[in-house]
Amino acid sequence: MKKLLISIISFAFCISTASASEVPQKGYSTNTLKEPLFDSAQVALESVRINNWLNSNYSKMSYEQMKGPREHLYYLIDSHVKNYYLAEKAILPKEHDVILEQLFLWSERLGVYGGSKVYNAIKSPKSTALPSFMKLPEHVSISMDNDLLNISEDAEGWSVTIPYYFMIWGVNDFEATNGERTQLIAISTGASKDKSEIGRSHATLMLLYSPGDDISAFRKYWTQQIGIGKDAEKKSLGVENRHSYYSYDPALILHKELVVWKEAGGTYAVAYLGNDGTYQWNRHHFIDFLRSLKTK
C-alpha cells in the first residue's frame, strides 16, 4: 500500500507531458476546466482513501447508499481532469493514468452508466477489462469516442455526446404518469463550489423524449414535474431560436431551466438544474448539450 501511495502521489505531481492532437471535449466549452475542488495532492490521497473504503464497504451497500460515495468519486474525477487540463490542455491522458484508472474502476459499480466504457478505454493493458454492470434499455447504447461519451438510441434516432467525466446516473424508457412513453437520460455535469451548506455540487442535465406530438401537454407535464412556476422567465438560448423557461427556488437555492420543442419524430425537452453557484458555472454545458443533440 505504501508503494502504491507513493506512486500515485508522484504521478499527481509529474503528470505526463503527452500532448493532445484533438480539440479537448469537442463541442463543449473548456471555460469550466479550472478551479478544481481538490488539488493534485488531495486527489491522490482521497483516491486511495475512497478505494480502501469501497473495498471494505462496497459489498454491504444498497443502491441508495451508493449515492454519496458516487458523488464523491465524481468530485475527485472532475478535479483530476481539471488539474490535468490546466497542465496539459487536454482532458484525456495519452499515457496510462493510475489515478484515473483507480477512480473509474468503481464508477459503474456505483451505478454510473458507461463507466466501464471509460475504464476499458483508459486502463493499463495489464488490467482486466470490466463488463457492463448497468443494464441499458433496448436500442440505447453508450460508446467512448476519444474524450467524449456518445449516448444513442437507434430506434427513435437521437444521439448526444458529453465529456467522459460527466456522470450518467439515469437511463430509462418508461410510461410516465401522464400515460406517455418517455425516454429519459439524467446526467451530472462537472462540479463546482456553490452556496449550499457543503459548498459544492454537480449541476444536472436531463434529456426527455416522447414519440407523442402534443407539445402543449408534454410541456405542461414536465414543467410541473420539474417545478417551474407559471411566472417563469423566458430565456433565449441562441440554439435554433429555442428558448427556455427559467425559475429559481430560493428555499432550495436551486435554479431550473426547461426547453421543449417538437420534431417530426416526437417531442423533446432538456432540463438544466443547479444550486446557486454551480448553475452559473456549468450553464455553458447546458447550451453545449443542446447543440450536441442530434435527432431524426
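The values are calculated or read from the model by the stated rules, or taken from the named source; none is laboratory data. What you are looking at is a predicted structure, and each value in this text was computed from that prediction instead of being measured. Every residue, glycine among them, receives a Cβ derived from its backbone with ideal geometry; neighbour counts consider all protein chains shown.
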*Among the residues of the range 81-114, which ones are touching a Phe, Trp or Tyr at 6+ places or on another chain (Cβ under 6 Å) and closer than 18 Å to residue 146 by Cα?*
81, 91, 104
_Test set (1) of a type outside the set (Lys, Arg); (2) crowded, with 21+ Cβ neighbours inside 10 Å; (3) under 30 Å from residue 117 (Cα atoms); (4) without any contact (Cβ under 8 Å) to a residue 40 or more places away in the chain - residue 191 fails condition number_ = (4)
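Has the range 147-163 got at least one residue that is in contact with a His (Cβ under 6 Å, 6 or more places away or on another chain), on the phi < 0 side of the Ramachandran plot and of a type in the set (Asp, Glu)? Even if it seems obvious, please write down each step before you answer.
Residues of the range 147-163 that are in contact with a His (Cβ under 6 Å, 6 or more places away or on another chain), as a first pass: 153-155.
With on the phi < 0 side of the Ramachandran plot added as a condition, the list becomes 153-155.
Imposing the further condition that a residue be of a type in the set (Asp, Glu) reduces the set to 153-154.
Looking for residues that are in contact with a His (Cβ under 6 Å, 6 or more places away or on another chain), on the phi < 0 side of the Ramachandran plot and of a type in the set (Asp, Glu), one finds at least one in the range 147-163, hence yes.
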*Take the range 119-160 and flag every residue that is crowded, with 22+ Cβ neighbours inside 10 Å and hydroxyl-bearing (Ser, Thr, Tyr).*
119
*Output the number of residues of the range 233-289 satisfying the condition of being among the β-branched types (Val, Ile, Thr) and either without any contact (Cβ under 8 Å) to a residue 40 or more places away in the chain or closer than 20 Å to residue 217 by Cα (or both).*
4
_Evaluation of residue 204 against (1) in contact with a helix residue (DSSP H, G or I) (Cβ under 6 Å, 6 or more places away or on another chain); (2) in the same structural domain as residue 224 (by TED's automatic domain parsing) (one fails), failing number_ = (1)
*Which condition number does residue 136 fail, the rest of (1) closer than 13 Å to residue 168 by Cβ; (2) of a type outside the set (Gly, Ala, Ser); (3) free of Cβ contacts under 8 Å to residues at least 12 places away in the same chain being met?*
(3)
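Can you spot a residue in the range 212-228 that is under 29 Å from residue 165 (Cβ atoms) and in a strand (DSSP E or B)? Before you say what the answer is, go through the steps one by one.
Step one: filter the range 212-228 for residues under 29 Å from residue 165 (Cβ atoms), giving 222, 225-228.
Okay, now just the ones that are also in a strand (DSSP E or B), so none.
The answer is no, given that none of the residues of the range 212-228 is under 29 Å from residue 165 (Cβ atoms) and in a strand (DSSP E or B).
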*Does the range 99-118 include one or more residues that are farther than 22 Å from residue 171 by Cβ, surrounded by fewer than 16 Cβ atoms within 10 Å (Cβ to Cβ) and out of contact with any strand residue (DSSP E or B) (no Cβ under 7 Å at 6 or more places or on another chain)?*
no
*From the set of residues in the range 169-211 that are part of a loop (DSSP other than H, G, I, E, B) and of a type in the set (A, V, I, L, M, F, W, C), which is farthest from residue 73 (Cα to Cα)?*
176
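Evaluate the range 232-248: report whether one residue or more is of a type in the set (Gly, Ala, Ser) and either more than 15 Å from residue 259 (Cβ to Cβ) or touching a helix residue (DSSP H, G or I) at 6+ places or on another chain (Cβ under 6 Å) (or both). Reasoning before the result, please.
Initial filter on the range 232-248 (of a type in the set (Gly, Ala, Ser)): 232, 236, 238, 244, 247.
Checking which are either more than 15 Å from residue 259 (Cβ to Cβ) or touching a helix residue (DSSP H, G or I) at 6+ places or on another chain (Cβ under 6 Å) (or both) leaves us with none.
Checked against the condition, which is being of a type in the set (Gly, Ala, Ser) and either more than 15 Å from residue 259 (Cβ to Cβ) or touching a helix residue (DSSP H, G or I) at 6+ places or on another chain (Cβ under 6 Å) (or both), the range 232-248 yields no hits at all.
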*With respect to residue 48, determine if the residue is more than 16 Å from residue 109 (Cα to Cα) and surrounded by 18 or more Cβ atoms within 10 Å (Cβ to Cβ).*
no
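How many residues are part of a strand (DSSP E or B), within 16 Å of the chain's Cα centre (by Cα) and touching a residue at least 60 places away in the same chain (Cβ under 8 Å) if we restrict to the range 147-168? Working first, answer last.
Initial filter on the range 147-168 (part of a strand (DSSP E or B)): 148-153, 158-163, 167-168.
Narrowing the set further to residues that are within 16 Å of the chain's Cα centre (by Cα) leaves 148-152, 159-163, 167-168.
Those left that are additionally touching a residue at least 60 places away in the same chain (Cβ under 8 Å): 148, 159-163, 167.
Within the range 147-168, residues that are part of a strand (DSSP E or B), within 16 Å of the chain's Cα centre (by Cα) and touching a residue at least 60 places away in the same chain (Cβ under 8 Å) number 7.
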